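The values are calculated or read from the model by the stated rules, or taken from the named source; none is laboratory data. Predicted model only: the values in this text are computed from it and were never measured. Glycine also receives a Cβ, built like all others from the backbone with ideal geometry; neighbour counts cover every protein chain displayed. Protein only, heavy atoms only, side chains kept; ligands, DNA and RNA dropped before computing areas. Shrake-Rupley method; radii C 1.70, N 1.55, O 1.52, S 1.80 Å.
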Amino acid sequence: MKVFVFDLVPYSENLDHLKVGKELPWPLPARHFKPEVAVSTYAEHLAAWEAMDRLGYDGVGFNEHHTSPYGLMNSPNLLAAAAAQRTRRLKLLVYGNLLPLHDPLRLAEELAMLDCMSNGRIVSGFARGIPREHNVYRVPLSDSRARFEEAWEIISRAWMEEVFSYEGRFWSYRDVAIWPRPVQQPRPPVWVPVTGSKETIEWAGRHDIPITPGLAPIRGLREDIIRYYAKCLAQHGHRLTPDHLIIQAPVYVADSKAQAVREAGPYLLYFNQTLFSHGNVSEASLQRDAGYLSAGSFDYVRPENLYAVSGARERFRDMTMADIERDAEHLPWGTAGEVTERIIAAAGHAGASTVLVGMNRGAMPQEMFLEQIHRFGSKVLPALQAHTVNKTAFV
């Protein structure tokens, strides 16, 4: 198995004192931003990625969000450029650039530069982005899907064709040959995160693109996504393999489950209650009304699993420590042995050869994050990397 760490790079100061009722103000005015906190946040995370490189992790991932302390990763490509100069072997997962929001030719060029700067260590993830980002950039939610698919065609052609021209609905180019070109040929690996919408699964199946099935590691929804993905792959002449699947796992290594809950719980609570949907429309029903989701986006999901894609705000805004304690019974939190066993079991159930672990939700102090990197790296990572997933149960 391959092990990547997904790092949201959250603003490292707790901002609960700014909340009005249950909500952080939107927009969050500039007077609340402290440059020194941002400076230390970036420096600390770069140091953490250097530690991952030394300890033998397979990769680190970061994504793109805007105008929120949820994460200071407005440009994941800038983060990857910095990490490329501070690491030697670590894969750099950009998970991912938000295709509807940006000029796709510029993204193709930047990612080609990054692949050269890192000597072929880029894994290029592409995503649509959440409604907040579209609203900030004034991109209609109803255009999101079409812009995503058009941008992908442009980027793939820019990477793989000698010279290309394109006339589209949103972008047009004539006689373009990008320099530099990616090191990895015919293109860098491309992954796509799937929160649940069938259109993204169908797109991934059509283009034979690996996926991360589900925003959260909820077993029933993961099963539904993988089954539908396998069907879509087969329809286009592709076969589901363990390399097509990247599962997510929130981890915390401690001396006991109780210690894990006590130490990590408050930071997970802050993430869910305060950061997760800051300025965003998370409810699926409202996203449908705005045209971001289609009426049939979740019609492949079994009824008992629809709650997992509902986006209901109360699921995370009203979370308590008691909820976390209950949920932790089913999570890879606890002793190194339990964490290892649970991740291997989840990977085996899904048939996935890659795991994307999260260690630092919320404004977790740097010393705690580094301790987790070292504890997981010494006590869990070797066993996972020695384990092989040979098949998937969903074909």
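Conditions (1) in contact (Cβ under 8 Å) with a residue 24 or more places away in the chain; (2) surrounded by fewer than 16 Cβ atoms within 10 Å (Cβ to Cβ); (3) over 14 Å from residue 7 (Cβ atoms), marked per residue:
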position	(1), (2), (3)
52	yes, no, no
56	yes, yes, yes
59	yes, no, no
65	yes, no, no
79	yes, no, no
86	yes, yes, no
89	yes, yes, yes
94	yes, no, no
97	yes, no, yes
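For region 227-267, the set of residues classified as out of contact with any helix residue (DSSP H, G or I) (no Cβ under 6 Å at 6 or more places or on another chain) and of a type in the set (A, V, I, L, M) consists of 230, 234, 246, 258, 260, 264, listed by residue number. Residue 108 falls short of the stated requirement of being small (Gly, Ala, Ser), under 30 Å from residue 164 (Cβ atoms) and touching a strand residue (DSSP E or B) at 6+ places or on another chain (Cβ under 8 Å).
For region 328-347, the set of residues classified as open to solvent by less than 40 Å² (accessible area, probe 1.4 Å) and closer than 17 Å to residue 218 by Cα consists of 328, 331, 332, 333, 339, 343, 346, 347, listed by residue number. Could you check region 383-394 and list, in sequence order, the residues that are loosely packed, with under 14 Cβ neighbours inside 10 Å and either among the basic types (Lys, Arg) or under 21 Å from the mean Cα position of the chain (by Cα) (or both)? Within region 383-394, just 391 meets the criteria.
Having 2 or more residues that are crowded, with 20+ Cβ neighbours inside 10 Å, touching an Asp or Glu at 6+ places or on another chain (Cβ under 6 Å) and modelled with pLDDT under 95 is the bar; report the strands (runs of 3 or more DSSP E) wholly within region 179-288 that clear it. Can you show your working first?
On the way: elements: 190-194, 211-213, 246-250.
Where strands (runs of 3 or more DSSP E) fall fully within region 179-288, none carries at least 2 residues being crowded, with 20+ Cβ neighbours inside 10 Å, touching an Asp or Glu at 6+ places or on another chain (Cβ under 6 Å) and modelled with pLDDT under 95.
Answer yes or no as to whether residue 325 is open to solvent by 40 Å² or more (accessible area, probe 1.4 Å), more than 26 Å from residue 22 (Cβ to Cβ) and modelled with pLDDT of 95 or more. Answer is no for this residue. Note on region 1-24: residues that are of a type outside the set (S, T, N, Q), out of contact with any strand residue (DSSP E or B) (no Cβ under 8 Å at 6 or more places or on another chain) and either open to solvent by 40 Å² or more (accessible area, probe 1.4 Å) or in contact (Cβ under 8 Å) with a residue 60 or more places away in the chain (or both) total 12. Looking only at region 348-361, residues that are in a loop (DSSP other than H, G, I, E, B), under 30 Å from residue 16 (Cα atoms) and open to solvent by less than 20 Å² (accessible area, probe 1.4 Å) come to 2 in all. Remark: pairs (first residue in region 333-344, outside any helix (DSSP H, G or I); second residue basic (Lys, Arg) and open to solvent by less than 40 Å² (accessible area, probe 1.4 Å); Cβ separation under 6 Å; 6+ apart in sequence or on different chains) = 334/257. Are any of the residues in region 298-318 open to solvent by less than 30 Å² (accessible area, probe 1.4 Å), among the aromatic types (Phe, Trp, Tyr), farther than 30 Å from residue 372 by Cβ and modelled with pLDDT of 95 or more? The answer is yes; a qualifying residue exists. For region 118-169, filtering for residues that are open to solvent by 20 Å² or more (accessible area, probe 1.4 Å), more than 24 Å from residue 195 (Cβ to Cβ) and in a helix (DSSP H, G or I) leaves 2.
Among the residues of region 362-382, are any buried (at least 20 other Cβ atoms within 10 Å of the Cβ) and among the small types (Gly, Ala, Ser)?
Pass one, region 362-382, residues buried (at least 20 other Cβ atoms within 10 Å of the Cβ): 362-364, 369, 372-373, 376, 380-381.
From what's left, among the small types (Gly, Ala, Ser): 362-363.
Scanning region 362-382, I find at least one residue that is buried (at least 20 other Cβ atoms within 10 Å of the Cβ) and among the small types (Gly, Ala, Ser), so the answer is yes.
Within region 67-77, being touching a residue at least 24 places away in the same chain (Cβ under 8 Å), out of contact with any Ser or Thr (no Cβ under 8 Å at 6 or more places or on another chain) and not hydroxyl-bearing (Ser, Thr, Tyr) holds for 69, 71, 73, 77.
In region 141-152, is there at least one residue being farther than 20 Å from residue 108 by Cα, of a type outside the set (A, V, I, L, M) and over 19 Å from the mean Cα position of the chain (by Cα)?
yes
Identify all residues within region 66-117 that are within 21 Å of residue 186 (Cα to Cα) and either part of a strand (DSSP E or B) or under 16 Å from the mean Cα position of the chain (by Cα) (or both); write none if there are none. Those that are within 21 Å of residue 186 (Cα to Cα) and either part of a strand (DSSP E or B) or under 16 Å from the mean Cα position of the chain (by Cα) (or both): 77, 80, 91, 92, 93, 94, 95, 96, 97, 99.
One line per residue, one yes/no per condition, for (1) under 16 Å from residue 272 (Cα atoms); (2) assigned to a loop (DSSP other than H, G, I, E, B); (3) of a type outside the set (Val, Ile, Thr):
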{"site": "12", "(1), (2), (3)": "yes, yes, yes"}
{"site": "36", "(1), (2), (3)": "no, no, yes"}
{"site": "39", "(1), (2), (3)": "no, no, no"}
{"site": "42", "(1), (2), (3)": "no, no, yes"}
{"site": "47", "(1), (2), (3)": "no, no, yes"}
